[in-house]
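Undergrad: Below: one structure in structure tokens.
The values are calculated or read from the model by the stated rules, or taken from the named source; none is laboratory data. Since we're looking at a predicted model, the values are computed, not measured. Cβ coordinates were reconstructed from backbone atoms using ideal geometry, including for glycine residues, and neighbour counts include every protein chain displayed.
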Amino acid sequence: MSAIQLKPDQILKEITNFNTKLAEGMKNLRSVGDLPSGVTEKEAIYTEDKVTLYHYKNPNGKAATNKTPMLISYALVNRPYMTDLQENRSTVRGLMEQGLDVYLIDWGYPDRSDRFLTMDDYINGYLDRCVDAVCEHAGSEQVNLLGICQGGAVSLCYTSLHQDKVKNLVTMVTPVDFHTPDNMLGQWIKHIDVDLLVDSMGNIPGDLMNWTFLNLKPYRLIAQKYIDMVDILDNQKAVCNFMTMEKWIFDSPDQAGECYRQFVKDCYQDNKLLKGGIDLGGEIVDLKNITCPVLNVYALDDHLVPPSASKPMGKAVGSTDYQEVSFKGGHIGIYVSGSAQALVPPSIGKWLNERD
């Protein structure tokens, strides 16, 4: 094979363009300023320990037309403002545009005092009391529950035990079968000595969790994206978008040790969410107890929750009204891409409004 010959003027042009972008980029990076943690106005209606329950205000001043309030349960391992990242990339706003009254749980940042919180504390404790608070605030007897990623697994457990409080269940990028061959994260975690990890560390540092997620795609998520960043440095809006995403990625809460221990053992190592047997305060989770309508939204190119891990939900739940929505994108794109914003919130809204 012959080597590619670059002319001196081509090399000079590339170097000049690169230096120009870097110089302009430094100006744009300095002008970014403080980045918001969500963009839609909201009010806290309930707080307990580190947990805060928010109610969003429609930016257009429109009243909700769906009579059942929607409660979003996000993952414990990330911050929930991914659902409201920017004005034009906000799942929360997209849901409100469909006439939904939106509430969201912010699990907060666990510290050493939360070391012994269990899955039972989060599900039968915090989540259940947030559901009650939403019902009281909205004047409703039930909620539409939207569980996202790990928050979807939590929502499945909750609905199994508290079906009377959930009118409709929506899950997004939610794993149910943790032992599929293409689930790289599941394959890794199966071999971790989680008892040694928790007994040694107490709470699990958010930085350790983040390092694990990034190393599932080390070239793309650690190296290539910063190389690609050079191409956008002279675009102030693109730089702001990039830094907003970077803020969210590295804003990683620590994980309460005992909750982490049980979630890893029961779900990733023993696959009990699918097989049955998760014990929460003496009650056993059985997905067949879920008889309300269920909508499962998954991403076709998801490297954290591949479709094969999510689709078994259809046969696992006891509902006769189960539907799926697939999105051609990845685990993060399902919240922030333009195509996702055009498909996912309208699909959820239409499905819920038909069952209002």
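Undergrad: Could you grab me the full set of residues in the range 190-204 that are modelled with pLDDT under 95 and either more than 18 Å from PHE178 (Cβ to Cβ) or loosely packed, with under 15 Cβ neighbours inside 10 Å (or both)?
TA: The answer is HIS191, ILE192.
Undergrad: If I ask for residues that are surrounded by fewer than 20 Cβ atoms within 10 Å (Cβ to Cβ) and among the polar types (S, T, N, Q), which ones from the range 96-115 would you list?
TA: Scanning the range 96-115 gives a single hit, SER113.
Residue-wise test of (1) at pLDDT 95 or above; (2) not in a helix (DSSP H, G or I).
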site: MET82; (1), (2): no, no
site: ILE105; (1), (2): yes, yes
site: ASP121; (1), (2): yes, no
site: GLU136; (1), (2): yes, no
site: THR159; (1), (2): yes, no
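Undergrad: Please list, ordered by first then second residue, the pairs with beta carbon atoms under 7 Å, 6 or more apart or interchain, first in the range 52-73 and in contact (Cβ under 8 Å) with a residue 24 or more places away in the chain and closer than 19 Å to LEU169 by Cβ, second among the basic types (Lys, Arg) and crowded, with 17+ Cβ neighbours inside 10 Å.
TA: These pairs meet every condition: THR68/LYS167.
Undergrad: Scan the range 312-338 residue by residue and report those that are at pLDDT 95 or above, loosely packed, with under 15 Cβ neighbours inside 10 Å and touching an Asp or Glu at 6+ places or on another chain (Cβ under 9 Å).
TA: Correct list: GLY314 only.
Undergrad: Please indicate, with yes or no, whether at least one residue in the range 268-281 is under 24 Å from ILE334 (Cα atoms) and either assigned to a strand (DSSP E or B) or out of contact with any Phe, Trp or Tyr (no Cβ under 8 Å at 6 or more places or on another chain) (or both).
TA: no
Undergrad: Which ones in the range 122-178 are closer than 22 Å to LEU95 by Cα and without any contact (Cβ under 8 Å) to a residue 40 or more places away in the chain?
TA: Of everything in the range 122-178, those that are closer than 22 Å to LEU95 by Cα and without any contact (Cβ under 8 Å) to a residue 40 or more places away in the chain turn out to be ASP132, GLU136, GLY139, GLU141, LYS165.
Undergrad: Quick test for you: out of VAL194, VAL166, VAL173, VAL230, pick the one residue that is within 17 Å of the chain's Cα centre (by Cα) and either on the phi < 0 side of the Ramachandran plot or not small (Gly, Ala, Ser) (or both). Lay out the reasoning, then the answer.
TA: On the way: VAL194 fails: within 17 Å of the chain's Cα centre (by Cα); VAL166 fails: within 17 Å of the chain's Cα centre (by Cα); VAL230 fails: within 17 Å of the chain's Cα centre (by Cα).
The conditions single out VAL173.
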